Amino acid sequence: MSEYVLELKGITKIFPGVRALDKVQFQLKPGEIHALMGENGAGKSTFIKVITGVHQAEEGEIFLDGRKVTFRSPLDAQKAGIAAIYQHATAYPHLTVAENIFMGHEKMRRGMIDWKAMNRASRELLDTLSAEFGPEDLMGSLSVAQQQMVEIAHALSVNARILIMDEPTAALTKAESEKLYEITERLRDNGVSVIFISHRFEDMYRLATRVTVFRDAHYIGTYDVDGISNGDLIKAMVGRDIQMLFPKPEVELGEEVLRVEKLSRTGYFENVSFSVRRGEILGLTGLVGARRTEVAETIFGIGKASHGAIYVEGKKVQIRNPADAMREGIGLLTEDRQKYGLILDWGIGRNITLPEIRKFTRNGLIREKEENRTAAQCAEDVDVKAVTVFDQAGSLSGGNQQKVVVAKALGSEMKVLILDEPTKGVDVGSKAAIYEIMGELAKKGYAIIMISSEMPEILGMCDRVAVMCDGRVTGELNREELDQEQILVLAMTRMKNAEKGGGGLA
């Protein structure tokens, strides 16, 4: 009997112009939760696709229980008991939970789908996961966390004994992440071996016994989780020490650029006031449900304010839509870069120049040389890792996609940049790069509002922090006053009042 349920040796995968994997290795023990970490672009996604039969490697061998195997398709891997749950759910929103669970292997009787049997089996699988929804609910009505539970149920329905989880906690709250941890541990206790891919150290420490690191398509090493420090792990992932993860420059702040006064949006937030100056990084933070994103969207013209005022450089402005906001020099980098920030099947360059495409047109025709030159310069300024600006945005890693979104702002004449969770779902190296870009933008005089749920980056990068709870600003702290405990107190202030019978928005 082999020591490993899954072992890969010398795996190499080459795409045109790119060596995505270069002689990497990996070993998974029976009943083990094994973390796989590395920067965006390290080769993790390609590695998953080799294991699951989506891609075939040019070199290397795969062993299952010590026996050499070849997966020529995802069906081959599925028959071998391997399943993957990806960061972005591959669900069918207009079908039921049961239909999603048994998609591709429906329960049949006399040539017809046996709906009763399928719903009954789905109910049993959902019960094992302690799901609070049923097999006949529509997939599109579920939260992200619930959709992930359906994907786990789908994996169990094909008797998966090796489960690959790709960034499963990226879009989850702390409570939802904790529930996922419990499910994952339950699967492990039932004999399922798990490869858990994550950028979050807390995921690794909470679940894994071993961690393997990839960097630049190479295997760096496998380590016992209780035997490696954060510093050593970061160095393995990025190839260098990151002594200054938060490179916050000292910038002399200029005049006020943006001020909102008693801004309200019925049903979302009420009487929100704050300002931000040239060269300043203002943090906007709070717990889930604080309505920070809704405030940003209203300033940018996506949502309509019910009352209140917005001032740009001291002048009251009317913002009815995003075009109005951009004309006033306000830019928004959305939290969901894939859904709202990029057109994934367009090239990097056209994504960057899209907000200012009129600049590159003459007599109805686009001057492509000038457009591509500008896009290439903006991409270089933020260090986008790509072969050319013609590469599709969807082909990039998460960190590089985020850099393209930042580059869009650089290509526009903006005064105020609102960054909504700018480092969500990116690796530690890309985080450091994005923080450095923010610092450089501040030095150039941009006024920056950073919405973030990550306390370390709030404390590390902000000149001032406005804390929200239940749709209200509950306090502001200057840099010298920043304290994690005080921020949490302010973030929970309205909740406590609501528990005592006070007001508060849903």
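The values are calculated or read from the model by the stated rules, or taken from the named source; none is laboratory data. In this text the structure is predicted, and so the values were computed from the model without any measurement. As a convention, Cβ positions derive from the backbone with ideal geometry for all residues, glycine included, and neighbour counts pool all protein chains shown. Heavy atoms of the whole protein, side chains included, go into the accessibility calculation; ligands, DNA and RNA do not. Shrake-Rupley method; radii C 1.70, N 1.55, O 1.52, S 1.80 Å.
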If Ile366 satisfies every condition in (1) surrounded by 21 or more Cβ atoms within 10 Å (Cβ to Cβ); (2) free of Cβ contacts under 8 Å to residues at least 24 places away in the same chain but one, which is the exception? (1)
Pick from the range 4-25 the residues that are open to solvent by 40 Å² or more (accessible area, probe 1.4 Å), touching a residue at least 60 places away in the same chain (Cβ under 8 Å) and among the charged types (D, E, K, R): which of them is nearest to Glu59 (Cα to Cα)? Lys23
Within the range 369-404, residues being open to solvent by less than 50 Å² (accessible area, probe 1.4 Å), of a type in the set (A, V, I, L, M, F, W, C) and not in a helix (DSSP H, G or I) number 5
Within the range 186-200, restricting to residues that are within 15 Å of the chain's Cα centre (by Cα) and touching a residue at least 40 places away in the same chain (Cβ under 8 Å), the one that is most open to solvent (accessible area, probe 1.4 Å) is His199
Tell me the residue from Ile234, Ile281 that is surrounded by 15 or more Cβ atoms within 10 Å (Cβ to Cβ) and under 20 Å from Asp427 (Cβ atoms), please. Ile234
Looking only at the range 461-490, filter to residues that are in a helix (DSSP H, G or I) and either of a type in the set (Asp, Glu) or modelled with pLDDT of 90 or more (or both); which one of those is least open to solvent (accessible area, probe 1.4 Å)? Met461
Could you list, in sequence order, the residues of the range 152-174 that are in a helix (DSSP H, G or I), open to solvent by 10 Å² or more (accessible area, probe 1.4 Å) and of a type in the set (A, V, I, L, M, F, W, C)? Leu156
Do any residues in the range 410-436 that are farther than 19 Å from Lys248 by Cβ have Cβ atoms under 6 Å from those of residues that are at pLDDT 85 or above and part of a loop (DSSP other than H, G, I, E, B), where the two are at least six apart or on different chains, and which pairs are they? Met414/Gly329; Lys415/Gly329
Condition met for Gly301 (within 19 Å of Val272 (Cβ to Cβ) and either assigned to a loop (DSSP other than H, G, I, E, B) or touching a helix residue (DSSP H, G or I) at 6+ places or on another chain (Cβ under 6 Å) (or both)): yes
Filter the range 66-86 down to the residues that are in contact with an Asp or Glu (Cβ under 9 Å, 6 or more places away or on another chain) and surrounded by fewer than 19 Cβ atoms within 10 Å (Cβ to Cβ), then identify the one that is farthest from Val24 (Cα to Cα). Tyr86
Can you tell me how many residues within the range 130-151 are part of a helix (DSSP H, G or I), out of contact with any Pro (no Cβ under 7 Å at 6 or more places or on another chain) and not polar (S, T, N, Q)? 5
Subset of the range 445-459, residues modelled with pLDDT under 90 and not aliphatic (A, V, I, L, M), comes to Ser453, Glu454, Pro456, Glu457
Out of all the residues in the range 251-263, which are surrounded by fewer than 19 Cβ atoms within 10 Å (Cβ to Cβ) and assigned to a strand (DSSP E or B)? Glu256, Arg259, Glu261, Lys262
